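Novice: Sharing a structure, written as structure tokens. Questions coming.
Read-outs: derived from the displayed coordinates by stated rules, not from any lab. Since we're looking at a predicted model, the values are computed, not measured. All Cβ positions, even for glycine, are placed from backbone atoms using ideal geometry, and neighbour counts span all protein chains on display.
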Amino acid sequence: MLNRMGLRSWIASRIKYKSRTPVGMPVQAVQTYTGIASDTGEVITPIQAMQCSTVNACVSAIATELAKLPWNVMGTGDNGGREVVAEHPVCKLLSDNPNPSMGAMTWRELMLTSAVLTGNGYSLIERSDGGTPIALHYLRGDEVMVQKLPNGEVVYQWTGSMESGVQIIPAADVFHLMWNSPDGLLGYSPISLARQTIALAIAAERFGATYYRNAARPSGALTTDKELTSEAVQRMRESWEARMRGVENVGSIAVLEGGLKWTEMSLSPQDSQFMESREYQRLEICSIFRVPPSVIGIGSSSYSSAEQANREWVSNCLSTWAARLEQEANRKLLRSDEGVKTEISFDALLRSDLETRYQIYSTARQFGFMSVNEIRAELGRAGIGDEGDVFLQPTNMVDTATPYGGSNFSDLGVSTDAVPDRPLDKVAPTPKPDTTGSSTPVGKRGATQRYRQRKRKNSDGA
């Protein structure tokens, strides 16, 4: 535990740590491989990457969408179903207040943003004297370094404490959200692996901004057959730029005099396929983060409904990050003997349109795997009492082990005195109904006919 100073002192005394971080560079820059220069000369750090609109949109979409979904501690109820254990202390941490400084949504957004960008997100697990988690404190990635001791134990060095300098924290007390990893200790940094693609997108954005800042319409050269002095050329250039340069002057009319002629010299961004290049880079970045382009407003969805589009969004991207969060919480926040697990629910995101939902609820009610109260709970409405907990079963669906197919002869108005008390396998098989006459071989009439046939055969045998 964190309050066991003896354990921390023992670990600290056995670590001979020598920083390999260049002076002035954050500690985490070495471990997460961020801050590596691309071939364009752009150094891709998390802040620099977030200045790319597509990276910003993808990271925000993942972090915000998962942060607002319900994340609860689930246990097994008396009836064998899964139920929310709302009183569990971990449930309150994950869904309400992980620490006094922020709410659950803010904490999740911080963890996911850090992990999606750098491959790692860290939080300090504060525990009570009994070992129960009571708070989750977010740690900046550039203040944390992972160390594996000679005895195989993993510890985290945190340099963000202003009181005691470097702190050594056992792995059990660090909530570590990790992306793909080569060794299970540290996740790869997505923005570092894709630094060329991101740098190219940033360069394209910068070129576009510079182009429109310096834009002149039309663009080219002023020519004349007359010989001009250098002072006249300079004066003409300044006059032209003052009149035609800048976005506000795009499309203005140029008036030429004194034998001047305009010669087109450059291509527009459309002619040089600038826009197509930018679109391609945006799609490349979406593929890095596994975000469907339509989620961040690129193109249009190929699905006929929002439910189908969200299902792809959840299946290809969000469910993977959710599994990482759930498993880390199960490992470090819960005890194995509690019989509970954390679970992030995607029901709200996958909820279909109202008409389809009502059809689904109708089927669920008729076939007996949802009660009225369960349906009303999903709709956010109060139950109707004990009668709402009753489950229905279609009359044509009975247990095959029930004698006589489960027919309730008293409901049919038929006396059961003559019905032999024998197991079903001792009763002569029921002949197939004659479909040439009656069109209703089932129901009350069908059950009565079967009963009469059995009674007739039994009396003939006697």
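Novice: Take the Cβ-Cβ distance between residue 127 and residue 86 as r, set R0 to 35 Å, and report the resulting FRET efficiency rounded to the nearest 0.05.
Specialist: 0.95
Novice: Along Cα→Cβ, 7 Å out, is where each label goes; now give me the distance between the ones at residue 76 and residue 276 in nm to one decimal.
Specialist: 6.0
Novice: Read phi for every residue in segment 197-208 and hand back ³J(HN,Hα) as whole Hz from Karplus 6.51 cos²θ - 1.76 cosθ + 1.60, θ = phi - 60°, with x for Gly and Pro.
Specialist: Karplus-based 3J(HN,Hα) across segment 197-208 equals 5, 5, 5, 5, 5, 5, 5, 5, 5, 5, 4, x Hz.
Novice: Moving on. Under 20 °C and 1.002 mPa s, how fast does segment 40-178 diffuse according to Stokes-Einstein, given a Kirkwood radius computed over C-alpha pairs? Answer in µm²/s, whole number.
Specialist: 126
Novice: While we're on this one: Where in segment 321-363 does the label zone of residue 376 land, with the point 7 angstrom along Cα→C-beta and an amide N cut-off under 17 Å?
Specialist: 361-362
Novice: Count the net charge of all other residues whose Cβ sits under 11 Å from the Cβ of residue 391, scoring Lys and Arg as +1 and Asp and Glu as -1.
Specialist: Taking every other residue near residue 391 into account, the sum is -1.
Novice: Determine ³J(HN,Hα), in whole Hz, for all residues of segment 331-336 in sequence, where each value follows from phi through the Karplus function 6.51 cos²θ - 1.76 cosθ + 1.60 and θ = phi - 60°; x replaces Gly and Pro.
Specialist: Taking θ as phi minus 60°, the curve returns 6, 10, 10, 10, 8, 5 Hz for segment 331-336.
Novice: Regarding segment 44-97, what's the average projected area of the Cα-atom convex hull, expressed in nm²?
Specialist: Details: hull surface 21.7 nm².
Spelled out: convex hull of the Cα atoms, projected over all directions, averaged, 5.4 nm².
Novice: If you don't mind, there's one more thing I want to ask. Report the full-extension gain for the segment residue 331 to residue 56: residue separation times 0.36 nm, less the Cα-Cα distance, to one decimal in nm.
Specialist: 95.9 nm
Novice: Residues with amide H under 5 Å of residue 99's amide H, sequence separation 5 or more or different chain, H placed in the peptide plane at 1.01 Å from N; which?
Specialist: It is 136, by chain and number.
Novice: Now for a different question. Could you give the radius of gyration (one decimal) and Dmax (whole number) of the Cα atoms in segment 139-212, in Å?
Specialist: Reported Rg and Dmax, both Å: 18.1, 60.
Novice: If you take the beta carbon distance between residue 229 and residue 47 as r and set R0 to 56 Å, what does 1/(1 + (r/R0)^6) give as a FRET efficiency, to the nearest 0.05?
Specialist: 0.65
Novice: With r as the distance between the Cβ atoms of residue 290 and residue 351 and R0 = 22 Å, compute the FRET efficiency 1/(1 + (r/R0)^6) and round to 0.05. Could the numbers behind the result be given before it?
Specialist: Working: r = 22 Å, r/R0 = 1.02.
For R0 = 22 Å, the calculated efficiency reads 0.45.
Novice: Between residue 209 and residue 96, what length in nm is gained on full extension when 0.36 nm per residue of separation is reduced by their alpha carbon distance?
Specialist: 36.4 nm
Novice: Between residue 181 and residue 149, how many nm apart are label points set 7 Å from Cα along the C-beta direction?
Specialist: 1.8
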